[in-house]
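First comes the structure, then the notes that go with it.
The values are calculated or read from the model by the stated rules, or taken from the named source; none is laboratory data. A quick note: this is a predicted structure, and the numbers were derived from the prediction, not measured. Methodologically, a virtual Cβ is constructed for each residue, glycine included, from the backbone with ideal geometry; neighbour enumeration extends over all protein chains shown. Only protein heavy atoms, including side chains, enter the accessible area calculation; ligands, DNA and RNA are left aside. Shrake-Rupley method; radii C 1.70, N 1.55, O 1.52, S 1.80 Å.
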Amino acid sequence: MPILIDQLNRQVDLLSVPKRIISIVPSQTELLFYLGLEEEIIGITKFCIHPADKVKSVEKVGGTKQLDIEKIKALKPDLIIANKEENERSQIEELINFCPVWISDIYNLADALDMIERVGALTGKGQEAKALSTQIARQFNHITIQQSNLKTAYFIWRKPYMVAGKNTFIDDILLRCGLINVFEQERYPEIDAKTLIEANPDVILLSSEPYPFKDKHITELNAIVPNAIIKLVDGEMFSWYGSRLLHSAPYFENLSSEIKPV
């Protein structure tokens, strides 16, 4: 095997192409299936829901942040695919003690495309992964969205309210949708009603995950910022950075056309 480096610049030592893979990141699980690794995937998390017809029969090893380490050991993987943000550092360090762990670290579309190609090289699917990343890049290069400069708040959680800030994959996607993130703090800051009023966003996007926002929450937030355009959005389109990106560009074009200043 060639020298393999993950996105934390760690060397991952594999003696051969892995045949027993555990993925503990939902979007990367979907990617592995897309690349044709159905036979090699022996463990996934309970949050790995795509592709729906294939994940049902795969052993579940807990949640992304609450892994069953003993079950993972018992499955005897020869590769675990993780993510710096979605998984707990302490658990990843435990896993590294008994199995090669490849860790992604993604802040923008370029990182996502890099991850796709590296995972392909890692699993013997380099050609398929390159074709996928090229197709995704082509779609985003031809996306027809005008920069609106609408100040936007992207909500990911409720009680407390949490939003996507700067230095996140979601922030990069917002820019590609022609929107400007109204919150300058990095990562995922907590906010309250007063903070939201002071930020005065033109647009509020309520994600379907990790918190499942519904129509009733539009009413709730409309009472706080009555002049904002408030929409429910598909969180997978904004935060799943694997093969799901194949569907993102058309979704964003449609969303952009729906967001109009009042």
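Where in segment 150-240 are there helices (runs of 4 or more DSSP H), lying fully within it, with 3 or more residues that are over 15 Å from the mean Cα position of the chain (by Cα) and over 22 Å from Ile49 (Cβ atoms)?
The helices (runs of 4 or more DSSP H) meeting that bar are 193-199, 215-222.
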Looking at segment 31-50, which of its residues are open to solvent by less than 70 Å² (accessible area, probe 1.4 Å) and more than 21 Å from the chain's Cα centre (by Cα)? Glu40, Ile42
I'd like to check something: does segment 16-23 contain any residue that is touching a Lys or Arg at 6+ places or on another chain (Cβ under 6 Å) and over 17 Å from Asn83 (Cα atoms)? no
Answer yes or no as to whether Asn254 is open to solvent by 30 Å² or more (accessible area, probe 1.4 Å) and farther than 14 Å from Tyr154 by Cα. yes
Using the structure shown, decide if Lys151 is modelled with pLDDT of 95 or more, over 25 Å from Ile24 (Cα atoms) and open to solvent by 70 Å² or more (accessible area, probe 1.4 Å). yes
Does Thr123 fit the bill of being surrounded by fewer than 21 Cβ atoms within 10 Å (Cβ to Cβ), out of contact with any Lys or Arg (no Cβ under 7 Å at 6 or more places or on another chain) and of a type in the set (S, T, N, Q)? no
Quick one: Leu132 ticks every box in (1) within 24 Å of Cys177 (Cα to Cα); (2) open to solvent by 10 Å² or more (accessible area, probe 1.4 Å) bar one, so which box is it? (2)
Exactly one of Asn83, Asn87 is out of contact with any helix residue (DSSP H, G or I) (no Cβ under 8 Å at 6 or more places or on another chain) and under 21 Å from Asp6 (Cβ atoms), and that residue is Asn87
Filter segment 51-85 for residues that are more than 27 Å from Ser16 (Cα to Cα) and assigned to a loop (DSSP other than H, G, I, E, B); the one that is least open to solvent (accessible area, probe 1.4 Å) is Gly63
Does segment 15-24 contain at least one residue that is more than 22 Å from the chain's Cα centre (by Cα) and among the basic types (Lys, Arg)? yes
How many of the residues making up segment 92-135 are assigned to a loop (DSSP other than H, G, I, E, B) and more than 30 Å from Glu70 (Cα to Cα)? 2
Mind listing whichever residues of segment 241-250 are in a helix (DSSP H, G or I) and surrounded by 17 or more Cβ atoms within 10 Å (Cβ to Cβ)? Ser243, Arg244, Leu245, Ser248, Ala249
Taking the condition out of contact with any helix residue (DSSP H, G or I) (no Cβ under 7 Å at 6 or more places or on another chain) and either at pLDDT 95 or above or within 16 Å of Pro160 (Cα to Cα) (or both), does Leu205 pass? yes
